[in-house]
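The values are calculated or read from the model by the stated rules, or taken from the named source; none is laboratory data. Just so it is clear, the structure is predicted and the values come from calculations on it, not from any experiment. All Cβ positions, glycine included, derive from the backbone under ideal geometry; neighbour counts span all protein chains shown. Surface accessibility is based on the protein's heavy atoms, side chains included, excluding ligands, DNA and RNA. Shrake-Rupley method; radii C 1.70, N 1.55, O 1.52, S 1.80 Å.
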Amino acid sequence: MKSFTSPSEEIMQKSETKYFIHPEPFTLECGAVLPELRVAYHTYGELNADKSNVVWVMHALTANSDVADWWPHTVEKGKFLDPDRWFTVCANVLGSCYGTTGPTTPLPPDGKPLYGDFPRVTVRDMVEVHKLLARHLGITRIDTIIGSSLGGFQALEWLVGEPDVARRAVLCATDYQCRPWLAAINKAMYMAIEADATYGEPRPDAARKGLEAARAMALLSYRSHSGYDATQADPPGRPDPFERRAHSYQAYQGKKLADRFDVYSYERMCRSSDTHDVSRGRGSFAEALGRIKARCLVVAVSSDILFPPAYHDELAAMIPGARQGMVESEFAHDGFLIEHEQLDRLIQTFVNDTEEKPGC
């Protein structure tokens, strides 16, 4: 009997990680120089003759470049990343541990990873890497940039820094700056990581317990009380009143991340978000965001406590001609991953409408 393979599974089987090796040293905003730069990326679909069908997806904190892996039911026929229509590119970001140069990458001159000595990177550094990859692929203009969460930080930075880069953009569950609430969450995670006695040791499994605790903290900002009430309620008559289902869930999520990520990459990624400020060196937020020429759709998740809908109202008000959309979900920030059907409708409506208007 022939086994059934879903469309997303077929796409995942066809898509392989590609690598771009930048031939020159790469200088970071902090002044540190990486002796070499490798960028891991995935593509889906075919680039058309005039290279006008490019969609560039920027991933969130701990995702990889394989969009079909972490964003289910998006890279499918008829969806907003339809490979029959679009040539979708997604690059693993600088500092991560999924193929692009980061703390666990062996580097010259001795071929060893830098681990905790890997320099801090900014969102702007990440965007410079995207630009290098785009030039390598011969892409000078993007039809649509899509970024959520940390991916949205990168998308905004690219749109502000290079106003002509894209025709359209979708900015979801994100913000134009790292506000004190996010910075405070990040600091709490750094404290948990640094409290692990193995933090600083030059090995990939250093500070594993600290990383588990940090991830458990972060998860609380990605979800909502209603989401936990709906999914982590204790069964009736539990034998031990001190043991809660939510306890085991937090521990599981911490371990799950530590099994696939290293503490130094996680810390560098979080610290990059601390630097996010599109107005840095550009005047006010309104002046910076006013430079954007792409037609933008700004999408909030109704229960998001990390980037509440009010933040998106502010963002949309400062981007010329921006439209707004809302994903209704009890799963808070993670709703942009879970509520893919709602997001698909919002994005497809936006794309189809702007297709009909000349000059968009």
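Could you tell me whether region 102-109 includes any residue that is under 16 Å from the mean Cα position of the chain (by Cα) and over 26 Å from Asp277 (Cα atoms)? No, because not a single residue in region 102-109 is under 16 Å from the mean Cα position of the chain (by Cα) and over 26 Å from Asp277 (Cα atoms). If only residues of region 42-60 that are surrounded by fewer than 21 Cβ atoms within 10 Å (Cβ to Cβ) and touching a Leu at 6+ places or on another chain (Cβ under 9 Å) are counted, the one that is nearest to Leu114 (Cα to Cα) is Thr43. The number of residues in region 304-318 being more than 19 Å from the chain's Cα centre (by Cα) and in contact (Cβ under 8 Å) with a residue 60 or more places away in the chain comes to 2. Of the conditions (1) exposed (fewer than 15 other Cβ atoms within 10 Å of the Cβ); (2) assigned to a helix (DSSP H, G or I), Tyr311 clears all except one; give me its number. Going through (1) exposed (fewer than 15 other Cβ atoms within 10 Å of the Cβ); (2) assigned to a helix (DSSP H, G or I) one by one, Tyr311 breaks only (1). Of all the residues in region 31-50, those that are part of a strand (DSSP E or B) and within 23 Å of the chain's Cα centre (by Cα) number 9. Here Ala192, Ala218, Ala213 are screened, and the one residue that is touching a residue at least 24 places away in the same chain (Cβ under 8 Å), open to solvent by 40 Å² or more (accessible area, probe 1.4 Å), of a type in the set (A, V, I, L, M, F, W, C) and under 15 Å from Gly254 (Cα atoms) is Ala213. Counting residues in region 274-289 that are in a helix (DSSP H, G or I), of a type outside the set (S, T, N, Q), under 28 Å from Cys97 (Cα atoms) and touching an Asp or Glu at 6+ places or on another chain (Cβ under 7 Å) gives zero.
Scan region 275-298 and report the pairs whose first residue is within 21 Å of Leu182 (Cα to Cα) and small (Gly, Ala, Ser) and whose second residue is open to solvent by 50 Å² or more (accessible area, probe 1.4 Å) and in a helix (DSSP H, G or I), with Cβ atoms within less than 7 Å and a gap of 6+ or a chain change. Final answer for the pair search is Ser279/Phe285.
Of all the criteria given as (1) of a type outside the set (Phe, Trp, Tyr); (2) open to solvent by 30 Å² or more (accessible area, probe 1.4 Å); (3) in a helix (DSSP H, G or I), the one not satisfied by Asp84 is (3).
Give me the residue from region 247-267 that is in a loop (DSSP other than H, G, I, E, B) and within 18 Å of the chain's Cα centre (by Cα) and, out of that set, farthest from Cys97 (Cα to Cα). Out of the qualifying residues, it is Arg260.
For region 14-24, does any single residue satisfy the condition of being at pLDDT 95 or above, in contact with a helix residue (DSSP H, G or I) (Cβ under 7 Å, 6 or more places away or on another chain), surrounded by 14 or more Cβ atoms within 10 Å (Cβ to Cβ) and over 30 Å from Glu355 (Cα atoms)? Within region 14-24 (the criterion being at pLDDT 95 or above, in contact with a helix residue (DSSP H, G or I) (Cβ under 7 Å, 6 or more places away or on another chain), surrounded by 14 or more Cβ atoms within 10 Å (Cβ to Cβ) and over 30 Å from Glu355 (Cα atoms)), the answer is yes, since at least one residue qualifies.
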